[in-house]
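Here the structure is laid out as structure tokens; the discussion comes afterwards.
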Amino acid sequence: MTSLAVANPGSLIQSVDWVAIAPPLIAALAALAVLVTDLFLPARHKRWLGRLTAGGLALALISLLPLTGGSPRATFCAQNVTGATDNAGCSYVADHFALVFQLLALGGALIAALLSAHTVDNEKLPGGEYWFLLLSSATGAALLPASRDLATLVIALEVASLPAFALVALRRDGRGAEAALKFFLSSVTATAVMLLGVGFVYAASGSLHLGAVATGLEHAPAQLKPLAEAGAVLTLAGFAFKVAAVPFHFWVPDTYTGAPLPVAGYLSVVGKAAGLAGLALVTTIAFRPYAHTWGLVLAVLAAVTMTVGNVGALRQRFDTRYSAVRLLAWSSVGQAGYLLVPLAAAGYAPTATDPLGATAAYALIYGVVNLGAFGVVAAVGRRAGTSVDDFRGLFARRRWTALALAFFLLCLAGLPPGVIGLFGKVVVFRAAVDAGLGWLAVVMAVNVVVALYYYLLWTARLFTPAEEGAQGAEGAKGVVTPVGQDAERRLPASLTATLGLTASVAVVLSAAPQLVLQVVGGTLF
């Protein structure tokens, strides 16, 4: 009889580091709590679901604090992984890189939840489903930066993406269904391509752990080299879709326009952060043997993405319905190009992690100010689709709201007093120049100048006197109100909290940019 006993059965049993996995775990438990509570909560008390969601996300953010000091914490580790060093054989690693992007994912989800409170009530969205889907997506976005094997990366990415399809479709009209369908079909195609690439990479390297994949690809037999290279290209294409890089950007304007506004803001920040984190992990760790190849590919991708995004924003008419959201959508495509620049530089740097601090810092800056801009659009266009021209004379009607939007737009443009936006672009410029990508720095400089036009033109609208007889946003029952008057003088508390939080963080970071320097100077891996 063959004995199935092992010499040391205790080695097969691992303890789970609950502190390390607390951020995504708390978000997941909050999602389940919301789903169960919704079954028993009377309709008149459904607003408490939004508060429960915000509380769960706040608790998940607090759980990051015990992880900030000391060495990285890892769990779900495999024994004797080929090529594994330190935590390379672990599927979950809570290092500096993971913490920064978990902060962005959970913080962005919290701001989106605050922004959603009024939208859920005003648009009669199903509250239980909405909050459950938002928390589920945030769970995947928080899990992804700590994932260190290809299987966990794919699962985390899909957990972040699948609820987002339903969130887009929750608006029960033709636009919402069309936007969700475009988003779903394009995302499923990208996922299928990425899974095919992961399969090729696994066949060539013999492992799923990122560190072991790099070792396997470096020593792969010559006959497997084409398979490995094809797998790397297909995997990168899948993540490029999640970042909304050209040519995988076509879904962005229509999806953002058809989705509830907080969902559009969530996708522009948290969805993009998840894709960016995954792209950074597979390139700098798993595909390190092909660094110069993917470095050049990402550099070209960054240049094309920022150019197409800014040109699309320039072509956007300011007087059309939903033009404010479409302008932010094209702007987010351009910003994705800037975010890709340090990743491209990582392919040429002696140590791949050096330029990643620039990506992390810029992602944090972009996340705060972009969600703030979506918050102002939600405040101004609470009743109907909002065009950029609807912001004409906003300073005369809502002074602090106009000043907040002006500050957010100047941060996105990189102009004072939005010092933090300027600082972020300088950091990205420096990453490109230090890596010897001078041509990419020139392309970025040209695009920054181009973007100044539409950002400043929108800012000027805020302080331009409204035209006589100008018409504002359509009322809830089809009644058109003049833009010189406010149907509601006071903003809902949730919108006020969103604008106050994002504006305060942006101002603090502009006054003390050294807070971001700590992210740039830190060792991410």
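The values are calculated or read from the model by the stated rules, or taken from the named source; none is laboratory data. Since we're looking at a predicted model, the values are computed, not measured. When we count neighbours, we look across all protein chains shown, and the Cβ atoms used for this are built from the backbone with ideal geometry, even at glycine. Just the protein is used for accessible areas: all its heavy atoms, side chains included, with ligands, DNA and RNA removed. Shrake-Rupley method; radii C 1.70, N 1.55, O 1.52, S 1.80 Å.
Summary table
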| item | result |
| --- | --- |
| Number of the condition not met by TYR266 [criteria: (1) at pLDDT below 90; (2) touching a Gly at 6+ places or on another chain (Cβ under 8 Å); (3) among the hydroxyl-bearing types (Ser, Thr, Tyr)] | (1) |
| Lone unmet requirement of (1) open to solvent by less than 40 Å² (accessible area, probe 1.4 Å); (2) of a type outside the set (Val, Ile, Thr); (3) in a helix (DSSP H, G or I) for LEU125 | (3) |
| Which numbered condition ALA177 fails, given (1) over 21 Å from TYR266 (Cα atoms); (2) surrounded by fewer than 18 Cβ atoms within 10 Å (Cβ to Cβ) | (1) |
| Residue under evaluation ARG392, criteria (1) closer than 22 Å to ALA324 by Cα; (2) of a type outside the set (Ser, Thr, Tyr); (3) over 24 Å from the mean Cα position of the chain (by Cα); (4) at pLDDT below 85, criterion not met | (4) |
| Sole residue being surrounded by fewer than 22 Cβ atoms within 10 Å (Cβ to Cβ), in contact (Cβ under 8 Å) with a residue 24 or more places away in the chain and not in a helix (DSSP H, G or I), chosen from LEU452, LEU415 | LEU415 |
| Failed criterion for VAL426 (all others in (1) modelled with pLDDT under 90; (2) out of contact with any Pro (no Cβ under 6 Å at 6 or more places or on another chain); (3) surrounded by 15 or more Cβ atoms within 10 Å (Cβ to Cβ) hold) | (3) |
| Hits in the stretch 504-519 - residues which are open to solvent by 40 Å² or more (accessible area, probe 1.4 Å) and either modelled with pLDDT under 80 or part of a loop (DSSP other than H, G, I, E, B) (or both) | GLN514, LEU515, LEU517, GLN518 |
| Residue tally, condition surrounded by 12 or more Cβ atoms within 10 Å (Cβ to Cβ) and assigned to a helix (DSSP H, G or I), over the stretch 218-235 | 12 |
| Which listed residue is open to solvent by 10 Å² or more (accessible area, probe 1.4 Å), more than 22 Å from ALA109 (Cβ to Cβ) and among the hydrophobic types (A, V, I, L, M, F, W, C), from VAL282, VAL308, VAL341, VAL368 | VAL308 |
| Filter result for the condition that a residue is open to solvent by 50 Å² or more (accessible area, probe 1.4 Å), over 17 Å from ALA361 (Cβ atoms) and in a helix (DSSP H, G or I), over TRP439, TRP458 | TRP439 |
| Failed criterion for GLY238 (all others in (1) small (Gly, Ala, Ser); (2) surrounded by 22 or more Cβ atoms within 10 Å (Cβ to Cβ); (3) more than 23 Å from LEU267 (Cβ to Cβ) hold) | (3) |
| Of residues in the stretch 42-80 being open to solvent by 50 Å² or more (accessible area, probe 1.4 Å) and touching a helix residue (DSSP H, G or I) at 6+ places or on another chain (Cβ under 6 Å), the one modelled with the highest pLDDT | LEU59 |
| Top-ranked residue of the stretch 204-217 - restricted to ones that are open to solvent by 40 Å² or more (accessible area, probe 1.4 Å) and touching a residue at least 60 places away in the same chain (Cβ under 8 Å), ranked as farthest from LEU234 (Cα to Cα) | THR215 |
| Residue check, SER332 crowded, with 23+ Cβ neighbours inside 10 Å and closer than 18 Å to SER268 by Cβ | yes |
| Single match in GLY238, GLY309 (criterion: touching a His at 6+ places or on another chain (Cβ under 9 Å) and either free of Cβ contacts under 8 Å to residues at least 40 places away in the same chain or in a helix (DSSP H, G or I) (or both)) | GLY309 |
| Test: ARG383 is at pLDDT 85 or above, of a type outside the set (Phe, Trp, Tyr) and either open to solvent by 10 Å² or more (accessible area, probe 1.4 Å) or not in a loop (DSSP other than H, G, I, E, B) (or both) | no |
| Residues being free of Cβ contacts under 8 Å to residues at least 24 places away in the same chain and either assigned to a helix (DSSP H, G or I) or in contact with a helix residue (DSSP H, G or I) (Cβ under 9 Å, 6 or more places away or on another chain) (or both) - total across the stretch 312-353 | 2 |
| Tally, over the stretch 418-449, of residues that are within 19 Å of VAL508 (Cβ to Cβ) and either free of Cβ contacts under 8 Å to residues at least 24 places away in the same chain or touching a strand residue (DSSP E or B) at 6+ places or on another chain (Cβ under 7 Å) (or both) | 2 |
| Filter result (in contact with a Ser or Thr (Cβ under 6 Å, 6 or more places away or on another chain) and either under 14 Å from GLU129 (Cβ atoms) or open to solvent by 60 Å² or more (accessible area, probe 1.4 Å) (or both)) within the stretch 14-33 | ALA31 |
| Those residues of the stretch 192-212 which are hydroxyl-bearing (Ser, Thr, Tyr) and at pLDDT 90 or above, in sequence order | TYR202 |
